[in-house]
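Derivation of every value follows stated rules applied to the coordinates shown; laboratory data play no part. Predicted, not measured: the structure shown is a model, and the values here were computed from it. Using ideal geometry, Cβ is built from the backbone for each residue, glycine included, and neighbour counts are taken over all protein chains shown.
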């Protein structure tokens, strides 16, 4: 009997992920960082497609992030403590277990070994059906061969790109072609992002964090505007439990207004997007002041 429920483990080479995310944020036309949640949804959708099962039966049961880390003193000197802590919160929220090693002269090799050991061990202990590597180093080829021997399929999300850094030095990131040849499901993500199939456009868009906007950047000013007008600043569209929410930026206030999906009128919540201008009534819920009767301006 064929196994219906698929257990998936996702393993991040943190340094690789960091460079890819920075590339899309600083050097690519998108100007957006990668979204952990969006990547996980993308992974589940692709595994369901390749394994020919309903996406409901694809479950990420383990996700791990590995990276070398500066000491607290060095991080403070580089003013990166807040950034690191903020990213830790993202990992925790998305149920990704972080693994850090002190950065040393040996570089990231110790981290790569840790990732490989963890991925192989969990493939056995958790009887994973699919292991996903967000990595590009050919040093992971022995790991892939070992996992293949277990009967577990391997997916690699790889990127190739070039860009100029702040000093106009050309930097290049390349995923090992030999690594891609060893896995069951090789995904050349840079090509999928820049030229997605029609059926993948929304899925690919969702692997990026939505751009944040404010009232001023949307062209709104307090002059001549009613108090109940603002711009969608953030959207969280939870497809599984239909309990999405968002925040509205107002031109005459420092505080953003929370709104719940069921308070949207005359348009489906899922059809709203960041940057849309909306009108609303001020109300209250268990969170405090909120926006009610949210309507898209012009609808």
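Nearest 10 degrees is fine. How inclined is helix 36-51 to the longest principal axis of the chain, computing both from alpha carbons?
Helix 36-51 sits at roughly 60 degrees to that axis.
Using only the Cα atoms of region 85-189, build the gyration tensor, take square roots of its eigenvalues as a ≥ b ≥ c, and label the shape rounded, prolate or oblate: rounded if a/c is under 1.5, else prolate if a/b is larger than b/c, else oblate.
The shape class here is oblate.
For residue 262 and residue 150, FRET efficiency with R0 = 41 Å and r from the beta-carbon atoms, rounded to 0.05?
Here the calculated transfer efficiency is 0.35.
Report the residues of region 251-283 in range of a label on residue 295: point 7 Å along Cα→C-beta, backbone N strictly under 14 Å from it.
264-268, 278-282
Can you tell which of 16, 247, 140 shows the greatest fluctuation in a Gaussian network model of the chain with Cα springs below 10 Å?
In this elastic network of the chain, the residue with the biggest mean-square fluctuation among 16, 247, 140 is 247.
Report the label-to-label distance for residue 109 and residue 81 in nanometres (one decimal), using points 7 Å from each Cα along the Cα→Cβ vector.
According to this spin-label approximation, the distance is 3.3 nm.
Going by how many other beta carbons lie within 10 Å of each one, how would you line up 248, 277, 207, 170, fewest first?
On the way: 248 25, 277 17, 207 22, 170 8.
Fewest-to-most ranking of 248, 277, 207, 170: 170, 277, 207, 248.
Work out how much length residue 74 to residue 201 would gain on full extension: take 0.36 nm times their residue separation and subtract the Cα-Cα distance, in nm to one decimal. Could you put the intermediate results ahead of the total?
Working: separation 127, 0.36 × 127 = 45.72 nm, distance 4.08 nm.
Length gained between residue 74 and residue 201: 41.6 nm.
Can you give me the Cα centroid spacing of region 127-167 and region 1-67 in angstrom?
Going from one Cα centre to the other spans 12 Å.
Within the chain, what percent of beta bridges assigned by DSSP are antiparallel, to the nearest 5? The partial results should precede the final answer.
Numbers: 24 of 53 bridges.
Taking every DSSP beta bridge with both residues in the chain, the antiparallel ones total about 45 percent.
State the extension gain, in nm to one decimal, for the chain segment bounded by residue 172 and residue 121, taking 0.36 nm per residue of separation less the distance between their alpha-carbons.
Full extension of this stretch gives 15.2 nm more.
To test your reading of the geometry: what angle, between 0 and 90 degrees and rounded to tens, separates the Cα axis of helix 14-26 from the longest principal axis of the chain?
Once rounded, one gets 40 degrees.
How large is the convex hull of the C-alpha atoms of the chain per residue, in Å³?
Cα-based convex hull of the chain, divided per residue, equals 181 Å³.
Can you give me the distance in nm between label points at residue 55 and residue 19, each placed 7 Å from the Cα along the Cα-to-Cβ direction?
A separation of 3.1 nm, rounded to one decimal place.
Would you mind calculating the gained length between residue 284 and residue 255 on full extension (0.36 nm times residue separation, minus the Cα-Cα distance), in nm to one decimal?
Roughly 9.0 nm would be gained on extension.
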